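Right, one structure below, let's go through it.
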Amino acid sequence: MKKPTIIICLLCAFFIEAHAQSTQSQQYLQYIAQWRDVVVDNQKRYGIPAPIIMAQALLESAAGTSELATQANNHFGIKCTSDWTGKTYLKDDDKKDDCFRVYKNASQSFDDHAVFLQRSRYQPLYEIAIEDYEGWAYGLKKCGYATDPQYPQKLIKLIQDYHLDRLT
């Protein structure tokens, strides 16, 4: 009598998880469709691979649903720097009350991300072929974009899972 109950519970858990993943996938696909043209344009204008831009936006903003994305229109987790004169949003991250940039809209966040990656600390990235998204993923980590030790692998997984290399 217990075996059928266990099997039913396991099946229910499986279907609930599958539904959650499907919902997330749909959300990610909608986000990709929404921002596709912007990231392709930023690749042409700034020389940043479109798959990298999209993967960063997906990861950093949880496809536009994160607290930073919804409260500060910040889709890339870009923190305040000494030259930032815009509005700010305080949020616990690497430390308590880290300062993040606030944008008028998400589009402004995409533009600022492209400009932000033009800084001298990121110049080694531009020696990597634009088609080499893995090199760029590891390069971003090496240049100090993120503190997460798994950041490159997370970007690469998103690029592969959602075929973001086809954006170019």
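The values are calculated or read from the model by the stated rules, or taken from the named source; none is laboratory data. Predicted model only: the values in this text are computed from it and were never measured. Cβ: placed from backbone, ideal geometry, glycine included. Neighbour counts: every protein chain shown. Keep in mind that these areas ignore ligands, DNA and RNA; they rest on the heavy atoms of the full protein, side chains included. Shrake-Rupley method; radii C 1.70, N 1.55, O 1.52, S 1.80 Å.
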Does any residue of the range 102-119 turn out to be more than 14 Å from the chain's Cα centre (by Cα) and of a type in the set (Phe, Trp, Tyr)?
-> yes
Of those in the range 71-100 that are among the acidic types (Asp, Glu) and open to solvent by 60 Å² or more (accessible area, probe 1.4 Å), the residue nearest to residue 112 (Cα to Cα) is 83
Of those in the range 38-58 that are under 14 Å from residue 115 (Cβ atoms) and not in a helix (DSSP H, G or I), the residue farthest from the chain's Cα centre (by Cα) is 47
Contact list, first residue from the range 133-144 and within 13 Å of residue 48 (Cβ to Cβ), second anywhere and open to solvent by 60 Å² or more (accessible area, probe 1.4 Å) and assigned to a helix (DSSP H, G or I), beta-carbon distance below 9 Å, six or more apart or interchain, is 133/165; 137/153; 137/154; 139/124; 139/127; 143/121; 143/123; 143/124
The residue from 121, 36 that alone is farther than 24 Å from residue 161 by Cα and among the charged types (D, E, K, R) is 121
Those residues of the range 23-62 that are open to solvent by 30 Å² or more (accessible area, probe 1.4 Å) and in contact with a Ser or Thr (Cβ under 9 Å, 6 or more places away or on another chain) come to a total of 4
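I want to confirm something. Restricting to the range 140-154 and keeping residues that are in a helix (DSSP H, G or I) and open to solvent by 80 Å² or more (accessible area, probe 1.4 Å), which single residue is nearest to residue 46 (Cα to Cα)?
My answer is 142.
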Go through the residues of the range 116-139 one by one and say whether even a single one is open to solvent by 80 Å² or more (accessible area, probe 1.4 Å) and of a type in the set (Phe, Trp, Tyr). yes
By residue number, the members of the range 59-98 that are in contact (Cβ under 8 Å) with a residue 24 or more places away in the chain and assigned to a strand (DSSP E or B) are 91
